[in-house]
Amino acid sequence: SLPSDYLAFINQINGAELFTDGNYIQKCKIYSIQEVLHWREFLRNSGFYPEWDKFLPILELQDIGQLIFNLERYEKREDYLLYPDEFNKYFHISFTEWLNNYLLTNGSEFWYMNS
């Protein structure tokens, strides 16, 4: 199962590229469902991380990495949106909230901003 807000987004817009004109801090590529499946299979076969069955890469942030759903955590109703850094932090927000914050900050890494 996948988060309903993500499913609604992917059903309406099967992938997107944001802030690609060079005037913004961070480009973002939200994967189409075909790209999600490609990246999941690629990472599963890479042998880099043995538990790729529970992960689903959903988008790529330029110079940062992929944002990933942890499907096991989602099913347990825990924070499931994984940030790709050395600490493997989970966002305490949904995909839609993450996307809204990203858009409102013009592609900035809003998660590092003080509130």
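A few points about this structure:
- Of the residues making up the stretch 1-41, those that are without any contact (Cβ under 8 Å) to a residue 60 or more places away in the chain and loosely packed, with under 12 Cβ neighbours inside 10 Å are SER4, ASN11, GLN12, ILE13, GLU17, ASP21, GLY22, ASN23, GLN34, GLU41.
- Cβ separations smaller than 6 Å between residues 6+ apart or across chains give the following pairs from the stretch 95-113 residues that are within 23 Å of TYR74 (Cβ to Cβ) to residues that are assigned to a helix (DSSP H, G or I) and modelled with pLDDT under 90: ASN101/PHE110.
- Residue in the stretch 71-113 that is nearest to LYS29 (Cα to Cα), counting only those that are among the aromatic types (Phe, Trp, Tyr) and in a helix (DSSP H, G or I): TYR102
- Of all residues in the stretch 16-70 being among the small types (Gly, Ala, Ser) and not in a strand (DSSP E or B), the one that is modelled with the highest pLDDT: SER32
- Within the stretch 71-95, the set of residues being modelled with pLDDT under 90 and over 13 Å from the mean Cα position of the chain (by Cα) comprises GLU86, PHE87.
The values are calculated or read from the model by the stated rules, or taken from the named source; none is laboratory data. Note that the structure is a prediction, hence the values are computed from the model and not measured. Using ideal geometry, Cβ is built from the backbone for each residue, glycine included, and neighbour counts are taken over all protein chains shown.
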